[in-house]
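This report refers to the structure that appears directly beneath it.
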Amino acid sequence: MFAPITPHSHGWLSRPDGARLFWEESGNPHGQAALYLHGGPGSGLGPGGYRRRFDPAAYRIIGLDQRGCGQSTPLAIDALDSLDSNTIQALIADLEALREHLGIDTWVVHGVSWGCTLALAYALQHPERVLGLVLVAVTTGAREEIEWITEGVGTIFPEAWAQFSAVAREGERPVDAYARLLRDGDPQVRADAARAWETWERTHISLDPHWAPGPLFDNDRDRENFATLVTHYWENDCFLGGALRICDRIAELEGIPATLIHGRRDISGPASTPWRLHQNWPSSELIVIEDEGHGGPRQMECAAAALSKLISSADHPASGQLP
(Lines give C-alpha, C1' and ligand atoms only; values in the text may rest on other atoms or scores of the structure.)
Protein backbone atom coordinates (compact mmCIF):
# COMPACT_ATOMS: atom_id res chain seq x y z
CA MET A 1 0.00 0.00 0.00
CA PHE A 2 1.17 3.52 -0.77
CA ALA A 3 1.06 6.68 1.36
CA PRO A 4 -2.22 8.63 1.39
CA ILE A 5 -2.57 11.28 -1.29
CA THR A 6 -5.21 13.88 -2.14
CA PRO A 7 -6.73 14.61 -5.56
CA HIS A 8 -5.09 17.33 -7.62
CA SER A 9 -8.21 17.94 -9.70
CA HIS A 10 -11.92 17.14 -9.74
CA GLY A 11 -15.08 18.10 -11.57
CA TRP A 12 -18.61 17.16 -12.58
CA LEU A 13 -19.54 15.58 -15.89
CA SER A 14 -23.02 16.53 -17.14
CA ARG A 15 -25.01 13.80 -18.85
CA PRO A 16 -27.87 14.27 -21.36
CA ASP A 17 -30.52 13.07 -18.89
CA GLY A 18 -29.60 15.69 -16.28
CA ALA A 19 -27.29 13.55 -14.11
CA ARG A 20 -24.04 15.21 -12.98
CA LEU A 21 -21.22 12.83 -12.19
CA PHE A 22 -18.50 13.74 -9.72
CA TRP A 23 -14.99 12.65 -10.65
CA GLU A 24 -11.58 13.18 -9.10
CA GLU A 25 -8.02 12.65 -10.30
CA SER A 26 -4.84 12.00 -8.34
CA GLY A 27 -1.37 10.60 -8.86
CA ASN A 28 0.76 11.29 -11.94
CA PRO A 29 -1.11 13.33 -14.59
CA HIS A 30 1.13 11.74 -17.22
CA GLY A 31 1.01 8.19 -15.83
CA GLN A 32 -0.95 5.17 -16.95
CA ALA A 33 -4.65 5.94 -16.63
CA ALA A 34 -6.51 3.79 -14.11
CA LEU A 35 -10.17 3.82 -13.14
CA TYR A 36 -11.48 2.87 -9.70
CA LEU A 37 -15.07 1.57 -9.41
CA HIS A 38 -16.61 1.62 -5.93
CA GLY A 39 -19.02 -0.88 -4.42
CA GLY A 40 -22.72 -0.79 -3.66
CA PRO A 41 -24.39 -0.02 -5.93
CA GLY A 42 -24.44 3.33 -4.16
CA SER A 43 -21.50 3.30 -1.77
CA GLY A 44 -19.66 6.21 -3.41
CA LEU A 45 -15.94 6.97 -3.28
CA GLY A 46 -15.98 7.66 0.44
CA PRO A 47 -12.84 9.09 2.07
CA GLY A 48 -10.59 7.99 -0.79
CA GLY A 49 -8.68 5.07 0.68
CA TYR A 50 -8.74 3.45 -2.77
CA ARG A 51 -5.96 5.81 -3.89
CA ARG A 52 -3.46 4.02 -1.64
CA ARG A 53 -3.63 0.92 -3.83
CA PHE A 54 -2.13 2.71 -6.84
CA ASP A 55 1.50 3.75 -7.21
CA PRO A 56 1.03 7.54 -7.50
CA ALA A 57 4.23 7.93 -9.49
CA ALA A 58 3.07 5.43 -12.12
CA TYR A 59 -0.70 5.86 -12.29
CA ARG A 60 -3.07 8.60 -13.31
CA ILE A 61 -5.81 7.64 -10.84
CA ILE A 62 -9.44 8.36 -11.70
CA GLY A 63 -12.28 7.94 -9.19
CA LEU A 64 -15.96 8.39 -9.98
CA ASP A 65 -19.09 8.60 -7.84
CA GLN A 66 -21.49 6.49 -9.91
CA ARG A 67 -24.78 8.11 -10.84
CA GLY A 68 -27.22 8.55 -8.00
CA CYS A 69 -24.72 8.45 -5.13
CA GLY A 70 -21.82 10.19 -3.43
CA GLN A 71 -21.28 13.71 -4.71
CA SER A 72 -22.98 12.97 -8.02
CA THR A 73 -26.41 14.53 -8.46
CA PRO A 74 -29.24 13.97 -8.13
CA LEU A 75 -29.11 11.31 -5.43
CA ALA A 76 -31.35 8.33 -6.18
CA ILE A 77 -33.71 9.23 -3.30
CA ASP A 78 -34.12 12.75 -4.69
CA ALA A 79 -35.18 11.50 -8.13
CA LEU A 80 -37.25 8.37 -7.57
CA ASP A 81 -39.31 9.15 -10.66
CA SER A 82 -36.21 8.67 -12.83
CA LEU A 83 -34.74 5.71 -10.96
CA ASP A 84 -35.69 3.31 -13.75
CA SER A 85 -33.16 5.04 -16.02
CA ASN A 86 -30.35 4.14 -13.61
CA THR A 87 -29.13 0.89 -15.18
CA ILE A 88 -25.77 -0.76 -15.65
CA GLN A 89 -25.99 0.15 -19.33
CA ALA A 90 -26.30 3.82 -18.28
CA LEU A 91 -23.30 3.42 -15.95
CA ILE A 92 -21.23 1.92 -18.76
CA ALA A 93 -22.15 4.87 -20.98
CA ASP A 94 -21.14 7.19 -18.13
CA LEU A 95 -17.71 5.56 -17.95
CA GLU A 96 -17.19 5.96 -21.67
CA ALA A 97 -18.26 9.60 -21.50
CA LEU A 98 -15.80 10.20 -18.65
CA ARG A 99 -13.00 8.47 -20.54
CA GLU A 100 -13.57 10.70 -23.54
CA HIS A 101 -13.99 13.81 -21.36
CA LEU A 102 -10.60 13.19 -19.73
CA GLY A 103 -8.86 12.38 -23.02
CA ILE A 104 -8.01 8.80 -22.08
CA ASP A 105 -7.56 6.11 -24.72
CA THR A 106 -7.16 3.00 -22.57
CA TRP A 107 -7.06 2.37 -18.83
CA VAL A 108 -6.58 -0.22 -16.13
CA VAL A 109 -9.81 -0.88 -14.20
CA HIS A 110 -9.92 -1.72 -10.49
CA GLY A 111 -13.21 -2.62 -8.83
CA VAL A 112 -14.35 -3.79 -5.40
CA SER A 113 -17.56 -5.80 -4.76
CA TRP A 114 -20.28 -4.29 -6.98
CA GLY A 115 -17.45 -2.41 -8.68
CA CYS A 116 -16.27 -5.81 -9.98
CA THR A 117 -19.63 -6.39 -11.66
CA LEU A 118 -19.51 -2.98 -13.31
CA ALA A 119 -15.86 -3.44 -14.31
CA LEU A 120 -16.59 -6.81 -15.94
CA ALA A 121 -19.70 -5.53 -17.73
CA TYR A 122 -17.73 -2.51 -18.99
CA ALA A 123 -14.85 -4.70 -20.19
CA LEU A 124 -17.23 -7.02 -22.02
CA GLN A 125 -18.75 -4.08 -23.88
CA HIS A 126 -15.48 -2.17 -24.45
CA PRO A 127 -12.61 -4.68 -24.31
CA GLU A 128 -10.43 -2.48 -26.49
CA ARG A 129 -10.38 0.15 -23.73
CA VAL A 130 -9.28 -2.15 -20.90
CA LEU A 131 -5.58 -2.90 -20.37
CA GLY A 132 -6.13 -5.05 -17.30
CA LEU A 133 -8.48 -5.73 -14.39
CA VAL A 134 -7.85 -5.99 -10.65
CA LEU A 135 -11.00 -7.15 -8.85
CA VAL A 136 -11.55 -7.58 -5.11
CA ALA A 137 -14.53 -9.29 -3.40
CA VAL A 138 -15.73 -10.49 -6.78
CA THR A 139 -19.39 -10.31 -7.79
CA THR A 140 -21.10 -10.64 -11.18
CA GLY A 141 -24.68 -9.56 -10.43
CA ALA A 142 -26.09 -13.00 -11.27
CA ARG A 143 -29.51 -13.90 -9.90
CA GLU A 144 -28.09 -16.80 -7.91
CA GLU A 145 -25.71 -14.42 -6.12
CA ILE A 146 -28.56 -12.03 -5.30
CA GLU A 147 -30.81 -14.81 -4.08
CA TRP A 148 -28.02 -16.18 -1.90
CA ILE A 149 -27.35 -12.86 -0.16
CA THR A 150 -31.06 -12.08 0.34
CA GLU A 151 -32.45 -15.58 0.89
CA GLY A 152 -29.98 -18.47 0.99
CA VAL A 153 -27.75 -16.97 3.64
CA GLY A 154 -30.84 -16.94 5.85
CA THR A 155 -30.06 -20.60 6.59
CA ILE A 156 -27.13 -19.30 8.65
CA PHE A 157 -29.09 -16.46 10.28
CA PRO A 158 -32.68 -17.82 10.44
CA GLU A 159 -33.87 -15.48 13.21
CA ALA A 160 -32.71 -12.33 11.44
CA TRP A 161 -33.95 -13.57 8.06
CA ALA A 162 -37.43 -14.26 9.43
CA GLN A 163 -37.65 -10.63 10.53
CA PHE A 164 -36.02 -9.31 7.35
CA SER A 165 -38.33 -11.26 5.01
CA ALA A 166 -41.55 -10.61 6.93
CA VAL A 167 -42.31 -7.52 4.82
CA ALA A 168 -42.68 -9.57 1.62
CA ARG A 169 -46.12 -10.34 0.29
CA GLU A 170 -47.06 -13.91 -0.54
CA GLY A 171 -44.94 -15.09 -3.45
CA GLU A 172 -42.79 -11.94 -3.39
CA ARG A 173 -39.01 -12.13 -3.09
CA PRO A 174 -37.60 -10.13 -0.15
CA VAL A 175 -35.45 -8.04 -2.47
CA ASP A 176 -38.51 -7.12 -4.54
CA ALA A 177 -40.42 -6.22 -1.38
CA TYR A 178 -37.71 -3.83 -0.24
CA ALA A 179 -37.39 -2.29 -3.70
CA ARG A 180 -41.14 -1.60 -3.56
CA LEU A 181 -41.06 -0.17 -0.03
CA LEU A 182 -38.09 2.08 -0.79
CA ARG A 183 -40.10 3.72 -3.59
CA ASP A 184 -43.21 4.14 -1.46
CA GLY A 185 -44.84 7.56 -1.33
CA ASP A 186 -44.64 7.66 2.46
CA PRO A 187 -41.21 8.86 3.71
CA GLN A 188 -41.63 6.89 6.94
CA VAL A 189 -42.16 3.66 5.02
CA ARG A 190 -38.97 4.31 3.09
CA ALA A 191 -36.99 5.16 6.22
CA ASP A 192 -38.20 2.02 8.03
CA ALA A 193 -37.32 -0.15 5.03
CA ALA A 194 -33.83 1.37 4.84
CA ARG A 195 -33.19 0.66 8.51
CA ALA A 196 -34.39 -2.94 8.12
CA TRP A 197 -32.16 -3.40 5.08
CA GLU A 198 -29.16 -2.07 7.01
CA THR A 199 -29.93 -4.46 9.87
CA TRP A 200 -29.84 -7.38 7.44
CA GLU A 201 -26.58 -6.12 5.90
CA ARG A 202 -25.01 -5.90 9.36
CA THR A 203 -26.17 -9.44 10.08
CA HIS A 204 -24.84 -11.29 7.05
CA ILE A 205 -21.42 -9.60 7.29
CA SER A 206 -21.13 -10.25 11.03
CA LEU A 207 -19.02 -13.40 10.63
CA ASP A 208 -16.33 -11.44 8.77
CA PRO A 209 -13.14 -11.48 10.88
CA HIS A 210 -12.89 -7.68 10.51
CA TRP A 211 -16.53 -6.97 11.36
CA ALA A 212 -17.27 -4.39 14.05
CA PRO A 213 -20.71 -3.72 15.57
CA GLY A 214 -22.51 -0.49 14.86
CA PRO A 215 -24.35 1.25 12.02
CA LEU A 216 -23.01 1.07 8.49
CA PHE A 217 -24.03 4.64 7.65
CA ASP A 218 -23.51 7.96 9.40
CA ASN A 219 -26.85 9.48 8.46
CA ASP A 220 -30.35 8.55 7.35
CA ARG A 221 -29.99 9.90 3.80
CA ASP A 222 -26.92 7.79 3.02
CA ARG A 223 -28.61 4.71 4.49
CA GLU A 224 -31.78 5.18 2.44
CA ASN A 225 -29.93 6.10 -0.76
CA PHE A 226 -27.74 3.01 -0.55
CA ALA A 227 -30.68 0.68 0.12
CA THR A 228 -32.69 2.25 -2.70
CA LEU A 229 -29.94 1.73 -5.28
CA VAL A 230 -29.00 -1.77 -4.15
CA THR A 231 -32.56 -3.07 -4.18
CA HIS A 232 -33.29 -1.36 -7.50
CA TYR A 233 -30.35 -3.11 -9.13
CA TRP A 234 -30.87 -6.44 -7.42
CA GLU A 235 -34.58 -6.71 -8.21
CA ASN A 236 -33.56 -6.29 -11.87
CA ASP A 237 -30.69 -8.83 -11.73
CA CYS A 238 -28.36 -5.84 -12.13
CA PHE A 239 -29.76 -5.49 -15.68
CA LEU A 240 -27.53 -8.41 -16.68
CA GLY A 241 -30.01 -11.20 -17.20
CA GLY A 242 -30.37 -13.56 -20.14
CA ALA A 243 -27.69 -13.23 -22.80
CA LEU A 244 -25.94 -10.50 -20.78
CA ARG A 245 -24.95 -12.77 -17.88
CA ILE A 246 -21.29 -12.11 -17.10
CA CYS A 247 -20.50 -15.65 -15.99
CA ASP A 248 -21.69 -17.01 -19.35
CA ARG A 249 -19.61 -14.51 -21.36
CA ILE A 250 -16.39 -14.34 -19.37
CA ALA A 251 -14.38 -16.27 -22.00
CA GLU A 252 -14.76 -13.20 -24.22
CA LEU A 253 -12.23 -11.45 -21.96
CA GLU A 254 -9.52 -14.04 -22.57
CA GLY A 255 -6.26 -12.22 -23.24
CA ILE A 256 -7.01 -9.33 -20.88
CA PRO A 257 -4.86 -9.83 -17.77
CA ALA A 258 -6.89 -9.94 -14.56
CA THR A 259 -6.39 -10.65 -10.88
CA LEU A 260 -9.39 -11.93 -8.92
CA ILE A 261 -8.97 -11.49 -5.15
CA HIS A 262 -11.49 -12.94 -2.71
CA GLY A 263 -11.88 -13.84 0.96
CA ARG A 264 -12.55 -17.47 1.85
CA ARG A 265 -14.74 -16.33 4.75
CA ASP A 266 -16.93 -14.14 2.58
CA ILE A 267 -20.32 -15.43 3.71
CA SER A 268 -22.22 -12.82 1.68
CA GLY A 269 -20.47 -13.67 -1.58
CA PRO A 270 -18.98 -17.17 -1.65
CA ALA A 271 -15.68 -17.87 -3.39
CA SER A 272 -17.52 -19.99 -5.95
CA THR A 273 -18.13 -16.82 -7.97
CA PRO A 274 -14.48 -15.91 -8.73
CA TRP A 275 -13.63 -19.61 -8.99
CA ARG A 276 -16.23 -20.09 -11.72
CA LEU A 277 -14.93 -17.05 -13.60
CA HIS A 278 -11.33 -18.18 -13.30
CA GLN A 279 -12.11 -21.63 -14.71
CA ASN A 280 -13.29 -20.06 -17.95
CA TRP A 281 -10.76 -17.23 -18.07
CA PRO A 282 -7.23 -18.66 -18.33
CA SER A 283 -5.58 -15.22 -18.48
CA SER A 284 -6.94 -14.46 -15.01
CA GLU A 285 -5.22 -15.18 -11.69
CA LEU A 286 -7.27 -16.20 -8.63
CA ILE A 287 -6.04 -15.30 -5.14
CA VAL A 288 -8.09 -16.51 -2.16
CA ILE A 289 -7.28 -15.02 1.23
CA GLU A 290 -8.10 -17.73 3.74
CA ASP A 291 -8.76 -15.62 6.83
CA GLU A 292 -10.72 -12.68 5.41
CA GLY A 293 -14.31 -12.02 4.39
CA HIS A 294 -15.84 -9.47 1.99
CA GLY A 295 -12.76 -7.32 1.55
CA GLY A 296 -10.04 -6.84 4.13
CA PRO A 297 -6.55 -5.39 4.52
CA ARG A 298 -4.72 -8.35 3.00
CA GLN A 299 -7.02 -8.30 -0.03
CA MET A 300 -6.29 -4.60 -0.51
CA GLU A 301 -2.55 -5.26 -0.21
CA CYS A 302 -2.90 -7.95 -2.87
CA ALA A 303 -4.74 -5.48 -5.08
CA ALA A 304 -1.95 -2.92 -4.68
CA ALA A 305 0.62 -5.57 -5.57
CA ALA A 306 -1.40 -6.68 -8.60
CA LEU A 307 -1.74 -3.10 -9.84
CA SER A 308 2.02 -2.56 -9.49
CA LYS A 309 2.76 -5.85 -11.24
CA LEU A 310 0.37 -4.99 -14.03
CA ILE A 311 2.06 -1.71 -14.86
CA SER A 312 5.60 -3.05 -14.46
CA SER A 313 4.97 -5.89 -16.89
CA ALA A 314 2.89 -3.94 -19.38
CA ASP A 315 4.13 -3.57 -22.93
CA HIS A 316 1.86 -0.63 -23.76
CA PRO A 317 2.65 3.11 -23.71
CA ALA A 318 2.69 4.59 -20.22
CA SER A 319 0.42 7.56 -20.86
CA GLY A 320 -2.86 5.79 -21.63
CA GLN A 321 -3.90 9.04 -23.30
CA LEU A 322 -5.09 9.97 -26.73
CA PRO A 323 -2.41 11.42 -28.97
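Observations, loosely collected:
- Looking only at the stretch 212-238, and only at residues there that are over 16 Å from GLY68 (Cα atoms) and of a type outside the set (D, E, K, R), the one that is surrounded by the most Cβ atoms within 10 Å (Cβ to Cβ): ASN236
- Of the residues making up the stretch 114-121, none is of a type outside the set (A, V, I, L, M), touching a Leu at 6+ places or on another chain (Cβ under 8 Å) and either more than 21 Å from PHE226 (Cβ to Cβ) or surrounded by fewer than 24 Cβ atoms within 10 Å (Cβ to Cβ) (or both).
- In the condition set (1) touching a Lys or Arg at 6+ places or on another chain (Cβ under 9 Å); (2) among the hydrophobic types (A, V, I, L, M, F, W, C); (3) modelled with pLDDT under 95, ALA318 is compliant with all but (1).
- For the stretch 170-195, the set of residues classified as surrounded by 19 or more Cβ atoms within 10 Å (Cβ to Cβ) and among the aliphatic types (A, V, I, L, M) consists of VAL175, ALA177, ALA179, LEU181, LEU182, ALA193, ALA194, listed by residue number.
- Total residues in the stretch 148-201, condition among the basic types (Lys, Arg) and either in a helix (DSSP H, G or I) or under 15 Å from THR228 (Cβ atoms) (or both): 4
- Yes/no for GLU254 being at pLDDT 95 or above and surrounded by fewer than 17 Cβ atoms within 10 Å (Cβ to Cβ): yes
- Matching entry among GLU224, GLU292 (being at pLDDT 95 or above and assigned by TED's automatic domain parsing to the domain that holds ALA177): GLU224
- Any hit, the stretch 126-143, residues being over 30 Å from ILE267 (Cα atoms), in contact with a His (Cβ under 9 Å, 6 or more places away or on another chain) and at pLDDT 95 or above: yes
- The single condition among (1) more than 16 Å from the chain's Cα centre (by Cα); (2) under 25 Å from GLU151 (Cβ atoms) that ILE256 does not satisfy is (2).
- If only residues of the stretch 258-310 that are more than 15 Å from HIS210 (Cβ to Cβ) and touching a Pro at 6+ places or on another chain (Cβ under 7 Å) are counted, the one that is surrounded by the fewest Cβ atoms within 10 Å (Cβ to Cβ) is SER283.
- The residue of the stretch 72-101 that is surrounded by the fewest Cβ atoms within 10 Å (Cβ to Cβ), among those that are in contact with a Lys or Arg (Cβ under 9 Å, 6 or more places away or on another chain) and either not assigned by TED's automatic domain parsing to the domain that holds LEU13 or not in a helix (DSSP H, G or I) (or both), is PRO74.
Residue-by-condition table, conditions (1) of a type in the set (A, V, I, L, M); (2) buried (at least 16 other Cβ atoms within 10 Å of the Cβ); (3) modelled with pLDDT under 95:
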{"residue": "PRO16", "(1), (2), (3)": "no, no, no"}
{"residue": "PHE22", "(1), (2), (3)": "no, yes, no"}
{"residue": "ASN28", "(1), (2), (3)": "no, yes, no"}
{"residue": "TYR50", "(1), (2), (3)": "no, yes, no"}
{"residue": "ARG53", "(1), (2), (3)": "no, yes, no"}
{"residue": "ALA58", "(1), (2), (3)": "yes, yes, no"}
{"residue": "ILE62", "(1), (2), (3)": "yes, yes, no"}
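- Single match in PRO187, PRO209, PRO213 (criterion: outside the structural domain of THR87 (by TED's automatic domain parsing), closer than 17 Å to SER268 by Cα, free of Cβ contacts under 8 Å to residues at least 40 places away in the same chain and not charged (D, E, K, R)): PRO213
- The stretch 17-54: number of residues that are closer than 18 Å to VAL112 by Cβ and in a loop (DSSP other than H, G, I, E, B): 12
The values are calculated or read from the model by the stated rules, or taken from the named source; none is laboratory data. These numbers were taken from a predicted model, which means no experiment stands behind them. Heads up, the Cβs are rebuilt from the backbone with ideal geometry, glycines too, and the neighbour counts pull from every protein chain shown.
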